[in-house]
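Working notes for the structure below.
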Amino acid sequence: MDFDFFEEQVSKIKNLPLPGEASQYKMAPKGRIEDLKKINLEKKNPRKAAVMALFYPAVSKETNLLLILRKTYNGVHSNQVGFPGGKVEQSDADLMATALRETQEEVGVEPIDVTVLKELSEIFIPPSNFIVQPFIGLYKNPKPFIKQDDEVELILEVPLLHFLDETKIINKKITTSYAIDVEVPAFKLNGYIVWGATAMMLSEIKELIKQVL
């Protein structure tokens with residue numbers, strides 16, 4: 001999909017209500033939905049983080065979505081596909097500043113070059129006790145990405161039409177740091193399985209975009 005057309009249409013999501021949890025839960029792992037509904041966030045006192053769903057034109061002018069594959073490390077999100085982003089630091093003015101700073105650190109995109117379109121529904125991630133605030137941003141004049149080698153294994157440039165393709169949603173059995181052979185709904189994008197909180201955020205993004213295209 002041509003980026004100029006996409007930019008014109010996607011700007012309309014600013015005025016749309018967020019699909020929220022109903023949309024996120026479409027891609028929630030089995031058993032997670034009831035757990036999420038029961039959680040008392042005040043008691044959990046979760047740490048805060050923010051991520052950026054960045055859309056940009058490829059060389060062909062087709063619209064892409066940026067995702068990253070995280071490095072293998074000793075943590076619950078090891079070797080998983082996600083958005084650029086991370087935890088809040090004291091120097092951040094707000095959560096949007098967190099998302100922009102982390103995007104710059106992880107993939108080399110300058111905050112001044114990102115047009116933030118919309119703040120999405122926050123999502124709580126029980127295994128890491130983070131509450132994450134996603135944003136949608138446009139990177140209209142992209143420069144080559146520069147990955148942060150300590151944290152990012154691979155940069156994934158996903159064509160928008162692949163992301164919107166319903167056949168890219170699958171069910172997959174996975175093993176995580178906290179579960180063995182659990183079946184989860186997932187996106188299969190660029191050959192990688194995208195599940196969990198990232199898939200739940202992608203579900204809301206997809207629903208918003210489909211309303212304006």
- Between Ile193 and Tyr25, take the C-beta separation as r, use R0 = 30 Å, and let me know the FRET efficiency to the nearest 0.05. 0.95
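If R₀ is 30 angstrom, what is the calculated FRET efficiency for the pair Gln211 and Asp149, using the beta carbon separation as r and rounding to 0.05?
Details: r = 38 Å, r/R0 = 1.27.
In this case the efficiency is close to 0.20.
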- Between Rg and the Kirkwood Rh of the stretch 1-100, both from Cα atoms, what is the Rg to Rh ratio? 1.01
- Counting each DSSP H run of 4 or more residues in the chain as -39500 (n - 2.57), what helix-only mean residue ellipticity at 222 nm follows after dividing by all residues, to the nearest 500 deg cm²/dmol? -7500 deg cm²/dmol
- Do any GluC sites (Glu not before Pro) in the stretch 111-203 lie in a DSSP loop with no more than 15 other beta carbon atoms within 10 Å, and if so, which? Glu151
- Skip the ligands, DNA and RNA, and give the accessible area per residue of the chain with a 1.4 Å probe, whole Å². 51
- Task: Please report, to two decimal places, log10 I(q)/I(0) for the stretch 44-114 at q = 0.15, 0.18, 0.22 Å⁻¹ as given by the Debye formula with identical point scatterers on the Cα atoms and no solvent.
- Result: -0.56, -0.77, -1.03
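So what is the diffusion coefficient of the stretch 33-168 in µm² per second by Stokes-Einstein at 20 °C and 1.002 mPa s, using a Kirkwood Rh over Cα pairs? Walk me through the intermediate numbers first.
Working: Rh = 15.8 Å.
The diffusion coefficient I find is 136 µm²/s.
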- Message: Restricting to DSSP loop positions (anything but H, G, I, E, B) with no more than 13 other Cβ atoms inside 10 Å of their own Cβ, which chymotrypsin sites (Phe, Trp or Tyr not before Pro) remain in the stretch 110-213?
- Response: Tyr178
- Message: So if I place +1 on the C-beta of Lys and Arg and -1 on the C-beta of Asp and Glu, and nothing else carries charge, what would the dipole magnitude of the stretch 88-160 be about its Cα centre? I want it in debye, nearest 20.
- Response: 360
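The values are calculated or read from the model by the stated rules, or taken from the named source; none is laboratory data. Keep in mind that this is a model prediction, so the values were computed, not measured. FYI the Cβ positions are ideal-geometry reconstructions off the backbone, even for glycines, and counts take in every protein chain you see. Surface areas here come from the heavy atoms of the whole protein model, side chains and all, with no ligands, DNA or RNA. Shrake-Rupley method; radii C 1.70, N 1.55, O 1.52, S 1.80 Å.
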